[in-house]
Amino acid sequence: MAQAQAKADKEAAKQRALEDAAIAEAEAKKKGEEDKLAKLHDLIIAQREEQKARDQAIEAARAAEKAEADAKAAKDAAEKKKAAEDAGKLLAAAKKAREEAEAKAAEEAKAAKEAHEKALAEAAAAAEELKKAKEEAEKKAADEAKAKEEAEKKAAAAAAPAPEEKKPPIKFKDAVGRKFSFPWHICCTWKGMEELIKQAFLHVDVIGQHVHDGHYDLVGPDGEIILPQVWETMVQPDWTITMHMWPMEDPAPKSPPPPPPPPMPPLGDPWVGVDMPHRHPSKGKGRGDKVHKILGDPPMPKNRHRGGGVGFYTFA
């Protein structure tokens with residue numbers, strides 16, 4: 001009985017534990033859902049607050065714009081009002097001045113009438129004098145402008161650099177003492193100068209080829225050599241250029257005459273018994289070729305004779 005009771009108690013305890021776990025799980029699940037709902041609620045509240053803040057900012061911006069527009073309209077209205085008042089004051093002043101002028105004119109009309117003809121005559125004379133003076137002044141101004149323009153043209157022409165074709169030529173003295181005048185627009189470049197020098201030495205013996213190869217220096221009026229690389233930046237019109245050849249090497253000595261040919265070998269010479277290549281044309285190159293290259297052609301004996309059209313020499 002005790003065992004059965006213990007087993008029943010154990011099963012009951014186990015059942016209670018399962019129920020407690022289920023209750024705890026349900027409560028945890030409920031709490032999680034409540035937390036989610038709370039967070040969602042907070043998020044909705046925050047979004048509403050944010051939207052409310054945005055709406056308030058928009059309303060504030062609109063109110064500021066309206067206030068600015070109202071202020072601008074009020075300012076414009078005030079300016080227009082002031083302008084109208086100023087215009088009214090000016091109009092009143094003009095009207096008053098006109099009335100005063102008319103009154104004064106009426107008072108002076110009688111005296112002016114008597115002097116009218118005299119004034120007209122004086123005015124006509126003054127107008128004529130003014131017209132004459134104006135014409136003279138205009139003529140003088142035109143003459144001065146023309147003279148100034150001509151002077152400016154002359155000054156510009158004098159200040160303008162002369163064209164390359166009209167600049168003074170280069171005076172050239174070559175290596176054999178000849179003197180030339182080379183046009184500046186040609187010899188102002190190294191290519192043109194070199195071509196003129198080559199043409200000058202085209203038919204000159206001995207040094208013509210050296211000149212063509214560029215074995216020379218060109219010396220300016222100050223005695224300094226002008227290199228081809230700086231020719232165009234250094235040379236000036238009307239300069240005197242002198243040509244100096246480079247030192248030429250002595251010609252190589254003539255080679256001595258070749259030695260006389262060796263004496264005729266006897267009949268027992270090294271070619272006797274040698275297999276000459278032309279005796280066996282069908283066998284190709286052999287030992288005879290090597291000997292022929294080293295010793296040369298065999299000497300011709302005095303008592304040779306030609307075989308009957310065979311084409312080689314026989315020895316007695």
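Laboratory data are not the source of any read-out in this text; all were calculated from the coordinates shown. None of the values given here were measured: they were computed from a predicted structure. Using ideal geometry, Cβ is built from the backbone for each residue, glycine included, and neighbour counts are taken over all protein chains shown.
Too long at a 25 Å Cα-Cα cut-off: which of LYS167/LYS191; LYS110/LYS132; LYS7/LYS29; LYS104/LYS132; LYS171/LYS198?
LYS110/LYS132; LYS7/LYS29; LYS104/LYS132
So what are the ³J(HN,Hα) numbers for segment 135-141, from phi and the Karplus equation (6.51, -1.76, 1.60; θ = phi - 60°), rounded to whole Hz, Gly and Pro as x?
Listing the rounded values in order: 4, 5, 5, 5, 5, 5, 5 Hz.
Students often forget the sequence filter, so: which aspartates and glutamates lie under 16 Å Cα-Cα from LYS153 once same-chain residues fewer than 8 apart are removed?
Hits, sequence-local ones excluded: ASP143, GLU144.
For each of VAL230, VAL211, count neighbouring Cβ atoms within 10 Å of the residue's Cβ, then give the residues from fewest to most.
Sorted ascending by nearby Cβ count, the order is VAL230, VAL211.
Within straight cross-link reach of LYS139, meaning Cα distance under 16 Å, which aspartates and glutamates are found once same-chain residues fewer than 8 apart are removed?
Counting by Cα, and skipping residues close in sequence, LYS139 has these aspartates and glutamates nearby: GLU129, GLU149.
Which lysines does LYS75 reach when only Cα atoms under 18 Å apart count, and residues fewer than 8 places away in its own chain are ignored?
Reachable lysines: LYS66.
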